[in-house]
Amino acid sequence: MKRILQVSSITFLTIFLVGFFLWKSNLHDVWHLLLATDPFWLAVAFLVNGCALVFRTLRWRILLPQHPRFYPTFFANTLGYMLSTILPIRAGDVARPALLAHRTSIRFPDALGTVLTERVLDLITILCLFVFFCLRRWNEFRQPAVHAGAIGAASLLVLILILIVAFYFFRGGVRRLHEFLGRLLPVRFRDAWMRFFDAFAGTLSIAERPRALAGIIACTALTWLCLTSQFWFTLIAAHRQVSFDSSFFLTGTTTIGIAIPTPGGIGGFDKISQYILKTFYHFDIDGSVAVTVLFHAVGTLPVIAIGLVLFVGEGLNWRDLRKETHAEET
């Protein structure tokens, strides 16, 4: 019954958001706009999105202990992101370390700790890009939502940096607090809880290795160069003249939509993207729908396609995948 309620609520939320997104649009006109898309620039956008997987994998290898081989890391990384694309609630963030643990000597809690580090790095990058855009366009976009969003993003960025400093310089005290919170968990989870903390805190020691730290910063920058420029290339493919830094704005705002627990952020991502295009870039309703559909296709199809190729190439099926990840998810 619990599973039925979960599936039903997610399905209802997805249908509602998609209907809200398509409300008042003319699907016939939207289809013609999609057919007019420049295939070359659309292919460039797909390629750029695929390159982000490579840079994510290189960054993960640096963060992981023992630096596993590229292919098993790329395999686990790609299938994890594929699962996050087709399943709700970022399921791939748990599947990635589970798949890696089955194919390398890396322990699951150690790999899971690095996933949290990646998420922190990505969040810092998104916040920096969004704040940069808002400051650059402060006088151009006078809407209170933009100014309030910039202040909120800057405040969150400062808070995250303070927490990182606390983890790095006062690790003992933070660990004792983490251990105290762990006592609230069932006994069987406490050991994993502490290993997860130690794995995350251990990745911060990367700051003591300048070469590795430079590699992580470079891979993060290249990853988000790909993930932001895919918006811009898609806009070019759709014959829309918009400044490159608009991709920073779209990246920061649509991340909120992806966080909504629908498969691949369907509906939430689309409605927020449509709102930004209509409100700040004066797209009409059909143009905003068409471009947003292209955004979603560019952001998801390369990951799904590469993931399926690897999935089939390994001779896996859905039952095997569930078996590999079930124990660690529990």
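Quick one: what do you get for the range 179-289 if you divide its Cα Rg by 2.2 N^0.38 Å?
1.55
log10 I(q)/I(0), Debye, Cα-only the chain, no solvent, q = 0.13 Å⁻¹?
Log10 I(q)/I(0), no solvent term: -1.10.
Can you give the Rg/Rh ratio of the range 114-218, where Rg is from the C-alpha atoms and Rh is the Kirkwood radius?
Ratio value, two decimals: 1.09.
Among W31, F169, H147, flag the residue with its Cα farthest along the positive direction of the charge dipole of the chain, charges on Cβ as +1 for Lys/Arg and -1 for Asp/Glu.
F169
Per residue of the chain, what 222 nm ellipticity follows from adding -39500 (n - 2.57) for every DSSP H run with n ≥ 4, rounded to the nearest 500?
-27500 deg cm²/dmol
Within the range 1-41, which trypsin sites (Lys or Arg not before Pro) sit in a loop by DSSP and count at most 12 neighbouring Cβ atoms inside 10 Å?
Loop-located and lightly packed - K24.
How high is the relative contact order of the chain? Use alpha-carbon pairs under 8 Å, at least six apart in sequence, and give a whole percent.
Relative contact order comes out at 34 percent.
For K278 and L163, calculate 0.36 nm times their separation in residues minus their Cα-Cα distance, and state this gained length in nm to one decimal.
Net length gain for the segment: 37.7 nm.
Treat every Asp and Glu Cβ in the chain as -1 and every Lys and Arg Cβ as +1, leave all other atoms uncharged, and give the resulting dipole magnitude about the Cα centre to the nearest 20 debye.
My answer is approximately 900 debye.
Suppose each label sits 7 Å from its Cα in the direction of the beta carbon; what would the E208-V309 distance come out to in nanometres?
A separation of 4.1 nm, rounded to one decimal place.
Using only the Cα atoms of the range 28-70, what semi-axes does the equivalent ellipsoid have when each is the square root of 5 times a gyration tensor eigenvalue? Give whole Å, largest first.
Semi-axes (√(5λ), whole Å): 38, 9, 5.
Starting from the Cα of H239, step 7 Å along the direction of its Cβ; do the same at L116; then give the gap between the two resulting points in nm.
Those two pseudo-labels are separated by 5.1 nm.
Suppose R0 equals 35 Å; then what is the FRET efficiency for F40 and F132 from their Cβ-Cβ distance, rounded to the nearest 0.05?
0.75
Once the piece of chain linking V174 and I217 is laid out straight, how much longer is it, given 0.36 nm per residue of separation minus the C-alpha distance between them?
Fully extending the segment from V174 to I217 adds 13.0 nm.
Which one of T85, L100, A201 is farthest out on the positive end of the charge dipole of the chain, using unit charges on Cβ (Lys, Arg +1; Asp, Glu -1) and the Cα centre as origin?
A201
Could you give the distance between the Cα centres of the range 124-141 and the range 10-66, to the whole Å?
Distance between centres, Cα-based: 22 Å.
Placing +1 on the Cβ of each Lys and Arg and -1 on the Cβ of each Asp and Glu in the range 23-329, which of S243, L112, G265 has its Cα farthest towards the positive end of the resulting dipole?
Result: L112.
So how many Lys-Lys pairs in the chain land under 29 Å Cα to Cα, not counting same-chain pairs under 8 apart?
4
Hey, could you pull the Cα Rg and Dmax for the range 58-150, both in Å?
Over the range 58-150's Cα set, Rg and Dmax evaluate to 17.4, 53 Å.
The numbers here are math on the coordinates, done by the rules we state, and not lab data. Keep in mind that this is a model prediction, so the values were computed, not measured. Cβ sites come from the backbone with ideal geometry, for glycine too, and all protein chains shown count toward neighbours.
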